[in-house]
Amino acid sequence: LPAPSPTTAVPYMSVKCIDVRKNHHKTKWLMPWGPNHCKKLKDFDEAVSRQIEANDIVFAVHIPLPSKEMSPWFQFMLFIMQLDIAFKMDNDLKENAEITLDVSLAYRDNMLDDWEEIAHAIEIRKLKCTFGSPKTVESEGRHYDCDFLPFMEIGSVAHKYYLINIRLPVNDRKGINVGIGEIKDIRLVGIHQNGGFTKVWFAMKTFLTPSILIIMVWYWRRITLMTRAPVLLEKVIFALGISMTFINIPVEWFSIGFDWTWMLLFGDIRQGIFYAMLLSFWIIFCGEHMMDQNERNRLSGYWKQVGPIAVGSFCLFIFDMCERGVQLKNPFYSIWTTEVGTELAMAFIIVAGICLCLYFLFLCFMVFQVFRNISGKQSSLPAMSKARRLHYEGLIFRFKFLMLITLACAAMTVIFFIVSQVTEGHWKWGDITIQVNSAFFTGIYGMWNLYVFALMFLYAPSHKNYGDDQSNGDLGVNSGEELQLTTTITHVDGPTEVYKLARKEAQE
């Protein structure tokens, strides 16, 4: 509730500067305003009357707006470009037109310092524009409706002031920037994380890291106190705890003092590992509760289900490396700008999507089987002794409760994933905007921490002993024997209680 919305979008209008120097030295930066501002043009009609060539015009954007400064708390900067293109009969926009941008990015931390270059690149973007009116003389001067273009992404905001210089080099012989219509203005939309949201996010991570660490230590200590080796389910729950801790560790604190541009990529990898571990856990969790299954307590028995998860995760990792990995060197790069890149990106996303669908079919089938088996075994409960019946009722209740919580968590995560993709896609593909508030982000993150915490708490081996007074004489085990309230093994070599139930050894 105290945090502002996760991100802010700031519109910037570029200023048309005249570069009157010969050879256009890249070391010279053109400022849109301030004491050393450039010589400006009002519009291109003025450029024509003054005989200023297109190659001598530079579009300059200063970030942030006057009398403000950027902060490391903003975490990242994403820029989207929008072109204002007017229709003219003698300079029409061609089909599948491409615009070539000669772009440079610089920074400084003091208004009196010189600009230091961060990156320079020549980028090509495809123009996707529509014109609502008939292309006649009367329509001249009206603007095309053009899609947003991905422009730039930086994984850290380590400096106070940034400057972007954009040139549109024209070369008739090579066909560079020919047939792109009459460009009137270049607008940029800068998106960055809000500092207030970042502080709440960091505080959550700092608080949750020791919480999960403490329950992990307690959980593993409980398992090591047993006289047997840990079973597969216990190992997988512990691995899930490790992956949750990996996400929790607040390494982001270092991004306030260091210019770590790879933090976005690192965050994606951490999240990917957790989701892959979570999906694998659900499969193994259901499989280990499947009472008539022989292949149990071995990871090799789940390769058919875990395989698609690994393939899907690998595809998304490659896709992320192609996009954010390359952006570490060239922040202006986007995989969506070329046809080959778009097809590759879509292929990776489709393969990952197919794997996810196969996974959910597997999971639904396994959940259905487990519930069917459990309801079948419940009929044998009344014939058991009181202690044994309570023990199995506890097992069944615990499983059903956890499955319902799991389904609720999964539904929330799917909604969160779709909403976040649509929000991001709005800037890439021009879809509908959805307002996502801070409570949604922090809520999903807190929910998974609670889920992992509850798992380790509920599935830690119990060390309770059931005496003669509770057994009613027909428990079928020694009076001091340990009975687990989880699906763990009670003897050093013996089967688990649920397995006993499945094989009807418990029916007496």
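Data table
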{"read-out": "Segment 42-65, subset part of a loop (DSSP other than H, G, I, E, B) and at pLDDT below 85, residue least open to solvent (accessible area, probe 1.4 Å)", "value": "ILE52"}
{"read-out": "Count of residues meeting criterion [over 20 Å from ASN55 (Cα atoms) and in contact with a Phe, Trp or Tyr (Cβ under 8 Å, 6 or more places away or on another chain)] in segment 84-98", "value": "1"}
{"read-out": "Of residues in segment 117-136 being in a strand (DSSP E or B) and out of contact with any Asp or Glu (no Cβ under 9 Å at 6 or more places or on another chain), the one nearest to LEU30 (Cα to Cα)", "value": "GLU117"}
{"read-out": "Test result for LYS135, open to solvent by 50 Å² or more (accessible area, probe 1.4 Å), modelled with pLDDT of 85 or more and assigned by the TED database to the domain that holds ASP19", "value": "no"}
{"read-out": "Test result for TRP260, over 30 Å from ILE57 (Cα atoms), part of a helix (DSSP H, G or I) and open to solvent by 20 Å² or more (accessible area, probe 1.4 Å)", "value": "no"}
{"read-out": "Criterion (over 34 Å from the mean Cα position of the chain (by Cα) and either modelled with pLDDT of 85 or more or not in a strand (DSSP E or B) (or both)) met by exactly one of LYS68, LYS28", "value": "LYS28"}
{"read-out": "From GLU95, GLU153, GLU117, GLU140, residue being under 19 Å from THR261 (Cα atoms), among the acidic types (Asp, Glu) and over 26 Å from the mean Cα position of the chain (by Cα)", "value": "GLU117"}
{"read-out": "Any hit, segment 206-229, residues being closer than 23 Å to PRO72 by Cα, of a type in the set (Gly, Ala, Ser) and either open to solvent by less than 70 Å² (accessible area, probe 1.4 Å) or part of a helix (DSSP H, G or I) (or both)", "value": "no"}
{"read-out": "Hits in segment 71-91 (condition: small (Gly, Ala, Ser) and part of a loop (DSSP other than H, G, I, E, B))", "value": "SER71"}
{"read-out": "Test set (1) without any contact (Cβ under 8 Å) to a residue 40 or more places away in the chain; (2) out of contact with any helix residue (DSSP H, G or I) (no Cβ under 8 Å at 6 or more places or on another chain); (3) under 30 Å from VAL103 (Cα atoms) - LEU361 fails condition number", "value": "(3)"}
{"read-out": "Condition check for VAL236: more than 30 Å from ASN55 (Cα to Cα), touching a helix residue (DSSP H, G or I) at 6+ places or on another chain (Cβ under 8 Å), modelled with pLDDT of 90 or more and not assigned by the TED database to the domain that holds ILE124", "value": "yes"}
{"read-out": "Unmet criterion (only one of (1) in contact with a strand residue (DSSP E or B) (Cβ under 7 Å, 6 or more places away or on another chain); (2) under 30 Å from GLU252 (Cα atoms)) for ILE166", "value": "(2)"}
{"read-out": "Verdict on GLN435 being of a type in the set (S, T, N, Q), at pLDDT below 75, on the phi < 0 side of the Ramachandran plot and not in a helix (DSSP H, G or I)", "value": "yes"}
{"read-out": "Residue count, segment 99-117 (criterion: crowded, with 17+ Cβ neighbours inside 10 Å and in contact with a Phe, Trp or Tyr (Cβ under 7 Å, 6 or more places away or on another chain))", "value": "5"}
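The values are calculated or read from the model by the stated rules, or taken from the named source; none is laboratory data. Not measured: the values here are computed from a predicted model. Counting neighbours? That spans all protein chains shown, and the Cβs are built from the backbone with ideal geometry, glycine included. Areas reflect the complete protein model, heavy atoms only, side chains present, ligands, DNA and RNA absent. Shrake-Rupley method; radii C 1.70, N 1.55, O 1.52, S 1.80 Å.
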